[in-house]
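See below for the structure under consideration.
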Amino acid sequence: MALSPLDDTPSAAPAAPGQGNEVLRSLIAIASCAANTQLDAFVMRLADALFNLSEASGDPKTANLSFNAANLLRNNGYAFYYLASIRVEEVLRQAVQKTEFPAAAAAAKSTDDALTLVSYEEMDKKVRLSRLSRPIEAANGERLDMLNGQLASLLGRDELTLLQNPFRPEVFISALNDTWAEFDPESETQPLVLPLLTPEVFLDLSLIYQELIDAMTARGISPDGPAYRLRKSEEAQAAAKEAETERKAASGAVSDQLKNLFASKPPVPQAAPAGTELPQQPQNGAGNSFQGQVLQMAAVSNQLLAHLASMQKNLFEQLAVGGAGAGQAQNSTAVLSNIKQQAPQGALSQVDETKIDLLTKIFDVVFRDQNIPTEIKALIGFLQVPVLKAALIDQEFFFQDEHPARKLIELLTKSSLGWDRKKGQDDPLYQTIKRNVERVQQDFDQQISVFSDVVSDLESFIKEEETVAAQALTAPITKALKQEKIGQATKVAKHEVKLRIGTGGVVGFVEGFLERKWVPVLTLAYSIKDEKPEAVEHAVKTMDDLIWSVKPKITMAERRELIAKLPSMLTSLNQWLNLLKWEDAERLQFFAELAECHASIVRAPLELSPQRQLEIAMDVAKQAAERRMQKRATQEPDPVPDDTDLMVQKLERGTWMEFDMTDGAKARVRLAWISPLRTLYIFSTIDRKESFSMSAENLAKTFREQRVRMVSTDQLVGRALAEALESVGANDPEMNGKSAA
């Protein structure tokens, strides 16, 4: 499978010191454009809300006012759009200025407070604005947190609070509320509109915030202030702690059930085996009787361990002589079942039998797991007796995930997925597993440290193998990083163009040109930014000059400026288009239309009256709205991430998967590498001779079509114990009584 370019945001150098304020001011246009694209839909929602208010109101005056206001808005939507677009930009500019110069803003506020009294109406308005802002702030908490951090980093501050954020919800609500006051001078309708600016009616600020975040991310501005890092660190620690608490709670529930199970089966004195004398129990009280039971248990356990040691020795000889062939016989739990049947009379207490039953269940789950190769199961089977001895000696085996003997089983089952069947017993992984199984069989008596040493050896081998695998993927990873970089550049290029054509204020043929041809130009510029940092600035400036050149010029000074700029702008346009090798008739047609547009601008009447300027602006807004609506009707909506997308984003390196191939075969591969932005995943086969990549989108699609499955043996022992306890709890009335208690 070939590598494919992906979309995401490129890394870029952060704004240089002293440029923070300039970048901040550039965000005004981004936020304004993003808000303007939503004004048409907002007008319709607000009009509907006013009509609903009219129908629901029991006050005839309120019903009449809201009905008239709704009709006014529907009949003059373009006028409202025009006023709102101006007002939003103006209010944002004021808010940004306060954020840029907080000391001056504070001094001005102090002076105003000293000279004037705030009216009741003004205080009431502030309270209402704050109340309307809260649900929007709550819905956008993560984005606002990110935006605050980026703005703090941009301005070189440790922290920026929500009240200092010039793009907070209250600013947008205030701007559109002020727009209504200008749109409808009838003061009695103004108290009706403000309460209607709810999240359901208002602009979707999440889209605006994402535009701002993406724009700053594209400039390399990250929320790296000390306060933000501390807060995120605390949040990450809290999330990790919560996840660990949940895991421990689940594990603790199983442990509690196991303890209840062991407690429900107290040791019962057994008859002495033939030729064996049990310790004599003192006859002077209950306490001495208990002491006698403990002594008896010790004698029985020694007898049982001696029997297990004999079995372990025989199994080791089988493994040493017969190798994997001898292990096929151990590919079942018959060994553990035979222990219960063949153990010396009286050697097993009820607790011992319960432990054997639980361990039988664990190995049964291992042997039934279709993901574990049969040959590896055979080797694991030889561990039944040593692991049983470890569990009898140290009951914590059943309670602790990190118990060395338990961890060994988990490690063997998980690593077995990487065994190369083609190499068979010559595979280094197989040899390592066999060597360590033999070591446990030969050396383990009652020292749990043997299991710890074996686990360390296996982990070292696996780590070395991962290093070798990573080196084998150097070339594919390099290629993937390059393609991801192009994908990132493409996304930022589309973003830059979208910001400029989003309002619909760009003439149609130029808008189409920017989408079809200038996106590739900007992609090229961003992809070579590391080598030629000036390329991006030049390409963006050329685009902005082109957009400016086709806007009306109503003064002689503007027209002179246009004529002066045209030669250099056209030269820049042609230089970039030459790099794209765009040489067909469509290029000639574009420049012919551009020349005609420039000529019509220069020939238009001069010095229009304010009334005529307003009419032209409203006509442009109307045409822009119609063009946006037409475009929306033909555009497919952006896909909304679902559970599958989120699952793909959470995948980790080392995960094994099984793909259904086109020829009907199944291929088991390992997730060997994930790109830094988690947009590309590289898989390698077991023998590391092949690798292929998939984008996050394609991988999620493959999961949805059920053409790939995750292959996992994680937490096998814990799952087996939980399954065993379900069976025990369903059939053991005494156990059910303890659980209920």
>> What are the pairs with Cβ atoms under 8 angstrom where one residue, in the stretch 577-595, is in the same structural domain as residue 509 (by TED's automatic domain parsing) and the other, located anywhere, is aromatic (Phe, Trp, Tyr) and surrounded by 14 or more Cβ atoms within 10 Å (Cβ to Cβ)? Sequence gap at least six, or different chains.
In response: 590/509; 590/513; 593/509; 594/509
> Would the stretch 483-492 turn up any residue that is part of a helix (DSSP H, G or I) and free of Cβ contacts under 8 Å to residues at least 60 places away in the same chain?
Replying inline: no
> Mind checking which residues of the stretch 446-455 are closer than 19 Å to residue 315 by Cα and assigned to a helix (DSSP H, G or I)?
Replying inline: 450, 451, 454
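Filter the stretch 499-548 down to residues that are among the acidic types (Asp, Glu) and outside any helix (DSSP H, G or I) and give me whichever is modelled with the highest pLDDT.
Just the residues of the stretch 499-548 that are among the acidic types (Asp, Glu), to begin with: 511, 515, 530-531, 534, 537, 544-545.
After this cut, where a residue has to be outside any helix (DSSP H, G or I) as well, the list is 530-531.
Details: 530: 76, 531: 83.
Among those that are among the acidic types (Asp, Glu) and outside any helix (DSSP H, G or I), it is 531.
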> Which ones in the stretch 50-91 are closer than 30 Å to residue 208 by Cβ and β-branched (Val, Ile, Thr)?
Replying inline: 86, 88, 91
> Any residue in the stretch 530-537 that is surrounded by 15 or more Cβ atoms within 10 Å (Cβ to Cβ) and either assigned by TED's automatic domain parsing to the domain that holds residue 35 or not hydrophobic (A, V, I, L, M, F, W, C) (or both)?
Replying inline: no
> Just wondering, is there one or more residues in the stretch 704-718 that are more than 17 Å from residue 417 (Cα to Cα) and among the β-branched types (Val, Ile, Thr)?
Replying inline: no
> Which condition number does residue 563 fail, the rest of (1) surrounded by fewer than 17 Cβ atoms within 10 Å (Cβ to Cβ); (2) in contact with a Phe, Trp or Tyr (Cβ under 8 Å, 6 or more places away or on another chain); (3) of a type in the set (A, V, I, L, M, F, W, C) being met?
Replying inline: (2)
> Across the stretch 388-437, what is the number of residues that are surrounded by fewer than 21 Cβ atoms within 10 Å (Cβ to Cβ), under 36 Å from the mean Cα position of the chain (by Cα) and hydroxyl-bearing (Ser, Thr, Tyr)?
Replying inline: 1
>> For the stretch 418-445, give me each residue that is within 13 Å of residue 404 (Cβ to Cβ) and part of a loop (DSSP other than H, G, I, E, B).
In response: 444
> Of the conditions (1) surrounded by 13 or more Cβ atoms within 10 Å (Cβ to Cβ); (2) among the charged types (D, E, K, R); (3) over 32 Å from the mean Cα position of the chain (by Cα), residue 498 fails just one. Which one is it?
Replying inline: (3)
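The values are calculated or read from the model by the stated rules, or taken from the named source; none is laboratory data. Everything numeric here is computed off the predicted structure, so don't read it as measured data. FYI the Cβ positions are ideal-geometry reconstructions off the backbone, even for glycines, and counts take in every protein chain you see.
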